[in-house]
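The structure under discussion appears below in the form of C-alpha cells.
The values are calculated or read from the model by the stated rules, or taken from the named source; none is laboratory data. Just so it is clear, the structure is predicted and the values come from calculations on it, not from any experiment. Cβ atoms come from the backbone with ideal geometry, glycine included; neighbour counts cover every protein chain shown. Heads up: the accessible areas ignore ligands, DNA and RNA and are worked out on the full protein's heavy atoms, side chains in. Shrake-Rupley method; radii C 1.70, N 1.55, O 1.52, S 1.80 Å.
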Amino acid sequence: MKNDFKLKNPFKKNKDVPSTKEKKQFKMLSAFTILLLIIAFIIFISWILKWSGVSVIDDKNKSHDIVALGIFDLFIAPINGFVSGAEIIVFLVALGGFLNIVICSKALEGFSQNITSALKGKEIWAIIPLMVFFSIVGSAEGMAEESLGFYMICIPLMMAAGFDKLTGFMIVLLGAGVGVMNSTVNPFAIGVAVDTINNSRAGIETSVGDGLVWRLTSWFVMTTASIIFVMWYSWRVKMNPQKSVVFKTMEEDKKFFLNEAAEKIDMNWKRKLTLVFFGLTFILMIFYMVGWDSILGYENNSEIESTWGPFYKFGLWINTHIPYLSSQAEGFGNGGFIVVSAIFLLSSIVLGLVNGLGEDGFLDQFMAGAKDLFGVCLVIAVAGGIGWALEKSLIQQLVVSGLASSIGGINSSVGILIILFILFIPLSLFIPSTSGFARAVFPLLGGVLAKDSEVLASGSITAFSMANGFINLFTPTSGIIMAAIGIAKIDYTKFFKVMWPILVILFVLSIVMISIGGAIGGNIA
C-alpha cells in the first residue's frame with residue numbers, strides 16, 4: 001500500500017514508450033475544464049449585462065444593477081464552491097476510506113458470489129425490487145446524497161452476475177432519480193413548493209394532497225419505464241458484453257469492484273461481521289438523513305417549542321441527559337453530513353479492528369480509499385462555483401424574474417404548465433438545489449398561477465418536480481451526479497451515451513403526464 005503514495009516525475013521520459021510520433025486523437029475536455037469554462041462564460045455574460053445597464057427587481061421591489069464579476073473571481077468561485085460543499089466533500093472522503101476497507105476485506109465479493117449462486121441465472125429479476133425501493137425513497141424523501149453509498153453495493157452485485165458496472169449504476173441513479181422526478185410527499189420539493197405558494201402574495205391556497213393522485217400515477221408510469229430500460233440494457237450486455245460502452249475497461253473494473261478473485265470466497269466470521277457492519281452503517285445513514293419531523297409536519301424552530309417534532313426532542317434529550325454519549329449530534333432527520341461522516345469514520349475504525357488491520361494497515365487502506373474519491377471532491381467544488389457565480393452576479397435572479405413575464409400572455413392552463421416544465425429545465429441548471437429552486441421561483445409566479453389556481457397551483461408543482469428531477473439525472477453541474485460517476489469510475493461521455501434514450505423517454509412522458517393532469521384538473525392533478 002505504501003507505493004500508492006509515491007509520486008511519479010511527470011518530466012521523466014519513459015524508456016519503454018516508443019519514440020515514434022503517433023497521430024493525435026481528439027480528447028474530451030475534463031470535467032474540471034468544462035466547469036471552469038462555464039464559470040468563465042458566466043463572468044463574461046456579467047460584463048455584457050453590466051455594460052448594458054441591466055438591473056433586477058428583488059422581492060421588496062428594489063432595483064439592483066447586475067454585478068460584473070472579475071477575472072480573479074474565476075479562481076475564487078471554486079474555492080467558495082469547496083466551502084459551500086464542504087459537508088458532502090467530508091462525507092465522500094469518509095465514505096471512500098470506509099468502502100476501501102470493506103472492499104479489501106472481500107466481504108462484498110463473497111456476498112455477491114452467494115447472491116449470484118442463489119439466483120442461478122435469474123439475476124436480472126433483482127433489478128425490479130431494487131429500483132422500486134430506490135424510487136419509493138426518492139419520491140417520499142428526495143433521496144440524493146444518501147444514494148451515493150449504494151453504488152458500491154449494486155455495482156459489485158450486478159458485475160458478479162455477469163452484467164457491467166453501468167447496470168448497477170443505473171439501478172441506483174434511475175431508481176432514486178425517477179423517484180425524485182415524481183416526488184409525492186418529498187418535503188424538500190413538494191413541501192417547500194406548497195409552503196412557498198401559500199405564503200406568496202397571490203392569495204393561493206394549496207396542499208401536499210392536491211395533485212397527489214396524479215403524482216403517484218406519474219411515479220408508477222416513469223418508474224416502470226425506467227425498470228424496463230435498465231432490464232433491456234442489462235440483458236443486451238449479458239448476451240453480448242461487447243455492446244457495453246465500458247467493455248474496454250471491464251477487466252479493470254473487475255479488479256477494482258471484485259478484486260479479480262476467481263476462487264470462491266470463504267465467508268468466515270470476519271467477512272460476515274464486516275458485511276453486517278456494512279449494512280447497518282448504511283441503514284443508519286438512511287434513517288438518520290430522512291427528515292422525519294418534516295414529513296410529520298413539524299418545523300423544529302429552536303425558539304418555539306410547540307414546533308418541535310419527536311425526533312428533534314429525542315435528540316435534545318440525548319444531548320441533555322446522556323452528554324457522555326453525545327452532546328452535539330442532532331436527532332434523527334435533523335442532522336447533516338457531518339454526523340453521517342462521523343458514523344462512517346467510527347464504522348471504519350470498528351472494521352479495522354474486526355479485520356485485524358492494526359494502526360498502519362488501517363491508515364493505509366483508509367487513506368487509499370479517501371484518495372480515490374478526492375478527485376470527485378474537487379469536481380464538486382468547481383461545480384459549486386457555478387452557483388456562487390450566478391448568485392453573486394445576480395444573473396440567477398434575472399433569469400428567474402424573466403420567467404414570470406415570459407408566460408404572462410398564455411391563456412391555456414395546459415399550455416402554461418408545458419411551458420413552465422420546459423423553462424424549469426434550464427432554470428434548474430442555474431439552481432440545482434430543489435428547495436432553493438422552489439424558494440427562488442414560486443414567489444415570482446403568483447400572478448400566473450392565480451389565472452387558474454385550481455389547476456396551475458398543483459400542476460406547476462408537478463412540473464417543477466419533474467423538470468428539476470429530470471435535469472439532475474445528468475447535469476455535470478450537479479455534485480451528486482459527478483460524485484456518483486466518480487465512485488463508479490465512469491467517463492461522463494460514456495455515461496451520457498447510455499442515458500440519452502431513457503432521458504428522451506422521460507422527457508416525453510413528463511409532457512404527456514403534465515398535459516393529461518392539466519386537462520383533468522381538480523384535486524386529482
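Every residue, every condition in (1) at pLDDT 85 or above; (2) closer than 30 Å to Arg236 by Cα, yes or no:
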{"position": "Phe44", "(1), (2)": "yes, no"}
{"position": "Val83", "(1), (2)": "yes, no"}
{"position": "Phe91", "(1), (2)": "no, no"}
{"position": "Ala107", "(1), (2)": "no, yes"}
{"position": "Glu123", "(1), (2)": "no, yes"}
task = Might you let me know whether the range 351-358 holds any residue that is open to solvent by less than 80 Å² (accessible area, probe 1.4 Å), closer than 22 Å to Phe91 by Cβ, at pLDDT 85 or above and part of a helix (DSSP H, G or I)?
result = yes
query = Ile155 passes all but one of (1) of a type in the set (A, V, I, L, M, F, W, C); (2) within 27 Å of Asp293 (Cα to Cα); (3) touching a residue at least 40 places away in the same chain (Cβ under 8 Å); which number fails?
reply = (2)
key: Filter result for the condition that a residue is open to solvent by 50 Å² or more (accessible area, probe 1.4 Å) and not polar (S, T, N, Q), over Leu258, Leu280   = Leu280
ask   = Is at least one residue of the range 456-475 in a helix (DSSP H, G or I), modelled with pLDDT under 85 and closer than 24 Å to Leu35 by Cβ?
value = no
task = Working only within the range 467-483, note down all residues that are open to solvent by 20 Å² or more (accessible area, probe 1.4 Å) and either under 17 Å from Ser135 (Cα atoms) or in contact with a Lys or Arg (Cβ under 6 Å, 6 or more places away or on another chain) (or both).
result = Asn472, Phe474, Ile480
note = Residue set Leu174, Leu157; condition under 13 Å from Ile127 (Cα atoms), open to solvent by 10 Å² or more (accessible area, probe 1.4 Å), in contact with a helix residue (DSSP H, G or I) (Cβ under 9 Å, 6 or more places away or on another chain) and not in a loop (DSSP other than H, G, I, E, B); output residue Leu157
Close pairs from the range 329-340: first of a type in the set (Gly, Ala, Ser), partner outside any helix (DSSP H, G or I) and open to solvent by less than 20 Å² (accessible area, probe 1.4 Å), Cβ under 9 Å, at least 6 apart = Gly331/Gly309; Gly333/Val290; Gly333/Gly291; Gly333/Gly309
task = Find the residue count for the range 359-391, including only residues that are over 30 Å from Leu37 (Cβ atoms) and modelled with pLDDT of 85 or more.
result = 10
inquiry  = Being modelled with pLDDT of 85 or more, under 22 Å from Asp452 (Cα atoms) and among the hydroxyl-bearing types (Ser, Thr, Tyr) is the filter here; which residues of the range 168-217 pass it?
reply    = none
ask   = Among (1) farther than 25 Å from Asp195 by Cβ; (2) outside any helix (DSSP H, G or I), which single condition is Asn301 missing?
value = (1)
message = If I ask for residues that are open to solvent by 40 Å² or more (accessible area, probe 1.4 Å), under 20 Å from Val137 (Cβ atoms), outside any helix (DSSP H, G or I) and touching a residue at least 24 places away in the same chain (Cβ under 8 Å), which ones from the range 179-235 would you list?
response = Val185
Filtered residue count, the range 236-268, keeping only those that are out of contact with any helix residue (DSSP H, G or I) (no Cβ under 9 Å at 6 or more places or on another chain), assigned to a helix (DSSP H, G or I) and either under 17 Å from Val498 (Cα atoms) or not basic (Lys, Arg) (or both) = 5
